[in-house]
Amino acid sequence: MNVTLRQLQVLLAIDEAGGFSRAGELIGLSQPAVSQCLRALESELGVRLLDRTTREVVLSPAGAALAGPLRRTLGELHDLLRQTATLGDQARGVVRVASAPTVSAGLMPRCLSQAAARYPDVQVLLLDRPQSLVLEMLRAGAVDFAVVVGGDGLDDLAQTTVLEESFVLVCPQDHKLAGRRSVALRDLAGQPLVLLDHSSGSRPLIDEALQAQGMAASPVIDVGSPSTAFRMVAEGLG
């Protein structure tokens, strides 16, 4: 039987992403390449692994029976290969890291610089993506690890806290809250808020904190990146 590791990774990526195009984004293949891998795998196994409708792509019964054990097996293989690689005298190879934009800008530059100095034979590839996509990539095995904001909904993943920071308020210099040393959440009631959208890791934390105070997040602008949010605030839009 001639089944490749890439074909198996494609199947898991399609299951994770729910479609061929998104699966290709997760593992770095074009949609035609994803389709070709899936067809080759189905042909080799002699079974249909996916059920396709006009709206979605889901695992067939045979695909579901394969995907669960396969995900565990590939995870164990990845761990084994990583452990074997550490037996050498010098760490070497490629490490793929995905991180959310806030983390990429604030934490990762120094980390990457220090890693390059300490492990010159290790190439670190950083993928800066929205947090929702970062987690999809990690679960699909497209990256070795991820650095994200918050830890809710990650019970299926091994986690380590690397940094804890407080939220800060960014507002125009002439805003009535600008001169305060601290601002309570209740002070934001009725204020026009510019918030990161729900693809970020910080937005659920902000929503939860506001709800605990009996408030609802009603931003005037939802944005996808911190830099965009800062520009909106600088223009007095929130």
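No lab work stands behind these numbers, since they all come straight from the coordinates. Keep in mind it's a predicted model, so treat the numbers as computed, not measured. Heads up, the Cβs are rebuilt from the backbone with ideal geometry, glycines too, and the neighbour counts pull from every protein chain shown.
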*By how many degrees, between 0 and 90 and to the nearest 10, does the Cα long axis of helix 5-17 differ from the longest principal axis of the chain?*
40 degrees
*Mind pulling the angle between the C-alpha long axis of helix 61-85 and the longest principal axis of the chain? Nearest 10 degrees, somewhere in 0 to 90.*
80 degrees
*Full-extension gain in nm, Ala189 to Val162, via 0.36 nm per residue minus C-alpha separation*: 6.5 nm
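Would you work out the charge dipole size for the range 24-88 about its Cα centre, treating the Cβ of every Lys and Arg as +1 and the Cβ of every Asp and Glu as -1, and quote it to the nearest 20 debye?
Values: 7 positive and 7 negative charges, 15 e Å.
Dipole about the Cα centre, nearest 20: 80 debye.
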*asked:* How tilted is helix 31-45 with respect to the longest principal axis of the chain? Cα atoms for both, answer in degrees (0 to 90, nearest 10).
replied: 40 degrees
*Go ahead and estimate [θ] at 222 nm for the chain from helices alone: -39,500 (n - 2.57) per DSSP H run with n ≥ 4, summed, over the residue count, rounded to 500.*
-14000 deg cm²/dmol
_Full-stretch length increase - Leu80, Thr228 - with 0.36 nm per residue and alpha-carbon distance subtracted_ = 49.1 nm
*Toward the positive end of the charge dipole of the range 166-238, about the Cα centre and with charges on Cβ (Lys, Arg +1; Asp, Glu -1), which of Val233, Pro172, Leu205 goes farthest?*
Pro172
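Could you sort 37-48, 72-83, 98-109 so that the peptide with the highest average Cβ count within 10 Å comes first and the rest follow in order?
In decreasing order of mean packing, 37-48, 72-83, 98-109 become 98-109, 37-48, 72-83.
Can you check what the net charge comes to around Asp144, using other residues whose Cβ is under 13 Å from the Cβ of Asp144 (Lys, Arg +1; Asp, Glu -1)? Before the final figure, lay out each step's value.
Details: positive: Arg82, Arg96, Arg139; negative: Asp79.
Surrounding charge for Asp144 is +2.
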_Gap separating the Cα centres of the range 57-78 and the range 172-204, nearest whole Å_ = 44 Å
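Quickly rank 8-16, 167-175 as a protection proxy: mean count of other C-beta atoms within 10 Å, highest first. Don't jump to the answer; show the numbers that get you there.
Numbers: 8-16: 23.4, 167-175: 12.3.
Top to bottom by mean Cβ count within 10 Å: 8-16, 167-175.
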_Whole-number percent relative contact order across the range 1-149, with pairs defined as alpha carbons under 8 Å at least 6 apart_ = 24 percent
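What does the net charge come to around Arg39 if you take all other residues with beta carbon closer than 14 Å to its beta carbon, with K and R at +1 and D and E at -1? Walk me through the numbers before you get to the answer.
Values: positive: Arg6, Arg48, Arg52; negative: Glu42, Glu44.
Net charge in that neighbourhood comes out at +1.
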*Treating only the Cβ atoms of Lys and Arg (+1) and Asp and Glu (-1) as charged, compute the dipole magnitude of the range 88-147 about its Cα centre; round to the nearest 20 debye.*
80 debye
*Could I have the simple spin-label model distance between Arg72 and Leu237, label points 7 Å from Cα toward Cβ, reported in nm to one decimal?*
5.0 nm
